[in-house]
Number of protein chains: 2
Amino acid sequence: MTAQRRVVAEVLDGEHVHLTADEVHARAVSKLPEISRATVYNTLGELVSLGEVLEVATDKRAKRYDPNAHRPHHHLVCAQCGTIRDVHPTGNPLADLPSSERFGFTVSDVEVTYRGVCPNCATV
Amino acid sequence: MTAQRRVVAEVLDGEHVHLTADEVHARAVSKLPEISRATVYNTLGELVSLGEVLEVATDKRAKRYDPNAHRPHHHLVCAQCGTIRDVHPTGNPLADLPSSERFGFTVSDVEVTYRGVCPNCATV
DNA sequence: ATCCTACATTGGACGAAGTCCAGGTCAACA
DNA sequence: TGTTGACCTGGACTTCGTCCAATGTAGGAT
């Protein structure tokens, strides 16, 4: 555990946190000015392989990193401003996929993304 | 309707078709050698705004384009080779999101991505 | 049939996001 | 102290996508 990794882990902390790699880097720099982009990418990659952090690809641009990996959840995204909230729907989408629709796949995971307009953008 | 647009539309035809923009371009070139990347991107963008084609962001790399836009469906992705199948789960995930979990959003759409290993990769 | 005009297309430059690599630094341990 | 190995750095590079000025063309007007 080095200073760089600690800083990245600190930046990624809390609920409803979904930063891009560049945002993580920007915040890390403000705590540890000489940290490099490559290190941030490496550390994020390691956190993802360790299962500590999730990669989220809700928008088509940059990947986002979600530290709330241990509590299963899905995402609600504002189509206008891109805000992301963690949500916990009822029901189990895995059970909704009959084996006739599995094409022989071993299905291990589901990711649900709700899209809509957030209250803030709705009033504009 | 120009020759270029017709070619792009022809390339994007069928079920379980999920090409990247570059793949669309490559196939379009084989039918119309002088077609440019910019035109393919423009045409894809127009098809998406017209609602004829869906953008899919299942993998973190390039966007993919799904011509099967009129029949609502979700996706099953192989974590190893990236193969994508269209699937039609039972149930309605929109109904599974209680209003207490909507944070004031006006939710209009859901996208479900199942992940697993396809039969082909499983035998390797 | 010809001309005009608006729109489509082209190709290349540009930008954003991410990866890779060679070299430097640091901590631990013998 | 010297060696070792892991880590970090900065910059070059790749990939995917967008933008733009110049050119071509489809299809209505004459």
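The values are calculated or read from the model by the stated rules, or taken from the named source; none is laboratory data. All values reported here derive from a predicted model rather than from experimental measurement. Neighbour counts are summed over all protein chains in view; Cβ atoms, including those assigned to glycine, are modelled from backbone coordinates with ideal geometry. Calculation scope for accessible area: heavy atoms of the full protein, side chains included, ligands and nucleic acids excluded. Shrake-Rupley method; radii C 1.70, N 1.55, O 1.52, S 1.80 Å.
Considering the options A:THR43, A:VAL107, A:PRO67, tell which one lies farthest towards the positive end of the dipole of chain A, charges being +1 on Lys and Arg and -1 on Asp and Glu at the Cβ, about the Cα centre.
A:THR43
Determine the percent antiparallel among the DSSP beta bridges restricted to segment A:1-123, to the nearest 5. Display every interim value, and only then the final one.
On the way: 9 of 13 bridges.
The antiparallel fraction comes to roughly 70 percent.
Before we go on, tell me the buried accessible area for the A/B pair, both chains summed, 1.4 Å probe, in Å² to the nearest 100.
Chain pair A/B: roughly 3200 Å² of buried accessible area.
Compute from the Cα atoms of segment B:3-66 the Rg and the Dmax, the latter being the longest Cα-Cα distance, and quote both in angstrom.
10.8, 32
With a probe of 1.4 Å, find how much accessible area segment A:74-122 has per residue, and write the answer as a whole number in Å².
46 Å²
Using a probe of 1.4 angstrom, how much of the accessible area of segment A:3-66 is carbon and sulfur, in percent? Intermediate values should be presented prior to the final figure.
On the way: 1720 of 3580 Å².
That fraction is 48 percent.
Please compute, for the alpha-carbon atoms of segment B:74-119, the extent along each of the three principal axes and give them in descending order in Å.
Largest first, segment B:74-119 extends 40, 19, 14 Å along its Cα principal axes.
For the protein assembly as shown, what's the radius of gyration and Dmax over Cα atoms, in angstrom?
19.8, 60
Which whole-number percent of Cα pairs in chain A have a distance greater than 18 Å? Can you show the working numbers first?
Details: 4538 of 7626 pairs.
Value for chain A (Cα pairs over 18 Å): 60 percent.
Any chance you could look up the accessible area of A:SER108 with a 1.4 Å probe, heavy atoms only, rounded to 10 Å²?
Counting only protein heavy atoms, the figure is 90 Å².
With +1 assigned to the C-beta of every Lys and Arg and -1 to the C-beta of every Asp and Glu, and no other charges, what is the dipole magnitude of chain A about the Cα centre in debye, to the nearest 20? Let's see the in-between values first.
Values: 13 positive and 16 negative charges, 55 e Å.
That gives chain A a dipole magnitude of about 260 debye.
Given a Förster distance of 25 angstrom, what is the FRET efficiency for B:VAL124 paired with A:SER49, based on the Cβ-Cβ distance and rounded to 0.05? Display every interim value, and only then the final one.
Values: r = 21 Å, r/R0 = 0.83.
Efficiency at R0 = 25 Å is approximately 0.75.
Please report, in debye to the nearest 20, how large the charge dipole of the protein assembly as shown is about its Cα centre when each Lys and Arg carries +1 at its beta carbon and each Asp and Glu carries -1 there. Can you show the working numbers first?
Details: 26 positive and 32 negative charges, 90 e Å.
Dipole magnitude for the protein assembly as shown comes out near 440 debye.
Report the net charge of residues surrounding A:LYS63, where surrounding means a beta-carbon distance below 12 angstrom and charges are Lys +1, Arg +1, Asp -1, Glu -1.
Working: positive: A:LYS60, A:ARG61, A:ARG64, B:LYS60, B:ARG61; negative: A:ASP22, A:GLU23, A:GLU55, A:ASP59, A:ASP66, B:ASP59.
That sum, taken over residues with Cβ under 12 Å, equals -1.
Taking the full set of protein chains and a 1.4 angstrom probe, give the accessible area of B:HIS75 in square angstrom, rounded to the nearest 10.
About 10 Å², rounded to the nearest 10.
Given +1 on the Cβ of Lys and Arg, -1 on the Cβ of Asp and Glu, and no further charges, what dipole in debye does segment B:65-119 carry about its Cα centre, rounded to the nearest 20? Numbers along the way, then the final one.
Numbers: 4 positive and 6 negative charges, 26 e Å.
Dipole size: approximately 120 debye.
Can you pull the mean other chain C-beta count within 10 Å for peptide B:56-64? Mind showing how you got there, number by number?
Values: counts 1, 7, 2, 1, 5, 1, 1, 2, 0.
For peptide B:56-64, the averaged partner shielding equals 2.
Collect residues whose amide H, placed 1.01 Å from N in the peptide plane, falls under 5 Å from the amide H of A:LEU19; neighbours closer than 5 in sequence don't count.
Residues meeting the amide H criterion: A:TYR65.
Please sort by residue number the GluC sites (Glu not before Pro) in segment B:29-65 whose DSSP state is loop and whose Cβ has at most 12 other Cβ atoms within 10 Å.
Working: sites: B:GLU34, B:GLU46, B:GLU52, B:GLU55; in loops: B:GLU34, B:GLU52.
Answer by residue number: B:GLU34.
Quick one: net charge of B:CYS118's neighbours, Cβ under 15 Å, K/R +1, D/E -1?
Numbers: positive: A:ARG102, B:ARG85, B:ARG115; negative: A:GLU101, A:ASP109, B:ASP59, B:ASP86.
My count for the surroundings of B:CYS118 gives -1.
Nearest 0.05, what FRET efficiency do A:THR90 and B:ASN42 give at R0 = 45 Å with Cβ-Cβ as r? Walk me through the numbers before you get to the answer.
On the way: r = 42 Å, r/R0 = 0.94.
Step by step, r from the Cβ atoms, then E = 0.60.
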